[in-house]
Structure formats: C-alpha cells, structure tokens
1. Would it be correct to say that residue 25 is at positive phi and free of Cβ contacts under 8 Å to residues at least 60 places away in the same chain?
2. Tell me, which helices (runs of 4 or more DSSP H) wholly within the stretch 21-89 include 1 or more residues that are touching a strand residue (DSSP E or B) at 6+ places or on another chain (Cβ under 9 Å)?
C-alpha cells in the first residue's frame, strides 16, 4: 500500500476517513460493500487486508505461526507486522475482538499441519537432516521417472 506523506494535513485525513466510514456504514448488503471495495481498493490492497484478517483470525483460533506460514504462505515477519498493527490500535481492539469472537470461520480446505520449527513452541518436530534427506529422495525419484 502506498505511504501517505507527512505533509498531508491531519484534519483532511481524518475528515476523509470519516467520509469513508459513513459511506461504508450506509451499505445494506454484502454486495454493496463488495461494490465499494472493488471500486476503491486495488487488488494488492485487497489481498493485503484479507491476508491480515486471516492471520488474526487464525491466531485467535489458536493456530501456530508455522501452521499459518504453511496455510497462507506468509513469512513470520508478515505475521508479526499484522500483530503489531493490531496492538498499535489498542483503542479499537475491544470492538475488533468482540467482532472476531462473533465471527464464524470455516476453512474451505483441510488444515495443513507443519512439520518444522515452530517459534511458539521453540522445539523441532522434525530435524533439518530429515527434511534434506526427504528432498534428496524426492529428487532421485523424479530423476528415475524421466
């Protein structure tokens, strides 16, 4: 997402954001919200916002960093940045968390369990040598098929 210059008037920024909130507030259906989003937000901005929401949903549902990395194909720094944003806006966390607790999330695909290092548990579930050995075996199998 683009950065807003420091010279941008804070009053104008708040006024414009208030307009955006009021505009979203008048939406009566998911189709209207989608029309606004499709019109105003670029595909990369939509992807970033949706990814941040998914990261927070998964963390609050008890998922581990390593599982989120595999499931969403994101780096640990992306997960940390998302949490930083969540904690940075503490005055809104209570409202956001209340919404999150009401939200019913059902993943569309089976959850992938990680087999590697998990920074939350600080332990290895499978060794590095075993991973390298598996990759070598896969490479050899592919070579014999050709």
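1. Values: at positive phi: no; free of Cβ contacts under 8 Å to residues at least 60 places away in the same chain: yes.
No.
2. Working: elements: 30-40, 43-60, 65-72, 76-88.
Those helices (runs of 4 or more DSSP H) span 65-72.
All of the numbers you see were taken from the coordinates with simple rules; none came from a lab. Not measured: the values here are computed from a predicted model. Every residue, glycine as well, gets a Cβ built from its backbone with ideal geometry; the counts of neighbours run over all protein chains shown.
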